[in-house]
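The values are calculated or read from the model by the stated rules, or taken from the named source; none is laboratory data. Computed from a predicted structure; not experimentally measured. Here the Cβ is made from the backbone with ideal geometry for all residues, glycine too, and neighbour counts use every protein chain on show. Keep in mind that these areas ignore ligands, DNA and RNA; they rest on the heavy atoms of the full protein, side chains included. Shrake-Rupley method; radii C 1.70, N 1.55, O 1.52, S 1.80 Å.
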Amino acid sequence: MRDHTGVRQATDGDIAELVRLRALLFEDLGGAFFNPASEDGDWRETLAVVLREQLTADSVQILVVDGDDGLAACAIGTVEQRLPGPHLRNGRIGHVIGVVTDPAHRRRGHSRAIMRALLDWFRERQAARVDLYASTDGEPLYRALGFDEHPDPALCRRP
């Protein structure tokens, strides 16, 4: 991986800060989908368990930038093996999840540095495509990094 100044892999000692930053992301996104009225906080404990498990997974990369007191920014990349096809030559799809920068550290290039490091990681793992969901604030950065409209409409269903 190229040198991405300030970007490093997350460690077990970062779990609490990763949970804090992910909660900030949901607060920023707002709305009933990301902050349902019945939210009770248990998701944070579950997130901590899953993050701890994912720290050593080959298909997951959790990157962070340190701040003065805690983490300044983080992002998660995953690679999923799907079935190959003419539009997806090897079936490997990268996903960018939860790029978030603490408000006190915004506009300093942390998200850009993390994204460049993640894109290098996806290249190393031969991801044929990288997908993400962009917030309005983040969209200009992602477009500058080469992201474009997704050809498939995004739909979801909760059980």
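Mind listing P(r) for the range 102-159? All alpha-carbon pairs, 5 Å bins, whole percents.
Computed distribution, short to long bins: 4, 14, 23, 23, 17, 12, 7, 1.
Considering only DSSP states other than H, G, I, E and B, which trypsin sites (Lys or Arg not before Pro) in the range 93-159 qualify as loop sites with at most 16 other Cβ atoms within 10 Å? Before the final figure, lay out the partial values.
Numbers: sites: 106, 107, 108, 112, 116, 123, 125, 129, 143, 157; in loops: 106, 107, 108, 125, 157.
For trypsin sites (Lys or Arg not before Pro) across the range 93-159 that sit outside H, G, I, E and B with at most 16 neighbouring Cβ atoms in 10 Å, the list reads 106, 107, 108, 125, 157.
Go through the range 144-159 residue by residue and turn each phi into a ³J(HN,Hα) via Karplus (6.51, -1.76, 1.60, θ = phi - 60°); whole Hz please, and just put x for glycine and proline.
My calculation for the range 144-159 gives 5, 8, x, 6, 9, 4, 7, x, 9, x, 8, 10, 8, 9, 9, x Hz in order.
Positive end of the dipole of the range 4-159, charges at C-beta (+1 Lys, Arg; -1 Asp, Glu), about the Cα centre: which of 104, 141, 86 has its Cα farthest in that direction?
Highest projection toward the positive end goes to 86.
Kirkwood hydrodynamic radius for the range 54-98: how many Å is it when counted over pairs of different Cα atoms?
12.2 Å is the Kirkwood radius here.
Under a crude label model (7 Å from the Cα following the beta-carbon direction), how far is residue 123 from residue 145 in nanometres?
In this crude spin-label approximation the distance works out to 1.3 nm.
How would 68, 148, 131 line up by accessible area, probe 1.4 Å, largest first?
Ranking 68, 148, 131 by accessible area, largest first, yields 68, 148, 131.
Rounded, prolate or oblate: which one fits the range 66-145, using the alpha carbon gyration tensor with axes a ≥ b ≥ c (rounded when a/c is under 1.5, else prolate when a/b beats b/c, else oblate)?
Prolate shape, in that a/c is at least 1.5 and a/b is the bigger ratio.
Summing -39500 (n - 2.57) over the DSSP H runs of n ≥ 4 in the chain and dividing by its residue number, what mean residue ellipticity at 222 nm do you reach, to the nearest 500 deg cm²/dmol?
Working: 5 runs with 53 residues, N = 159.
Roughly -10000 deg cm²/dmol at 222 nm, from the helical runs in the chain.
Looking at 121, 26, 156, which one has the Cα that reaches farthest to the positive end of the dipole of the chain (charges on Cβ: Lys, Arg +1; Asp, Glu -1)?
Result: 121, furthest along the dipole toward the positive end.
What FRET efficiency, computed as 1/(1 + (r/R0)^6) with R0 = 25 Å and r the Cβ-Cβ distance, is obtained for residue 50 and residue 108, rounded to the nearest 0.05?
On the way: r = 28 Å, r/R0 = 1.14.
Given R0 = 25 Å and the Cβ-Cβ separation, E is 0.30.
Can you give me the % of accessible surface on the chain that is carbon or sulfur? Probe 1.4 Å, all protein chains present, nothing else counted.
Solvent-exposed carbon and sulfur of the chain make up 50 percent of the total.
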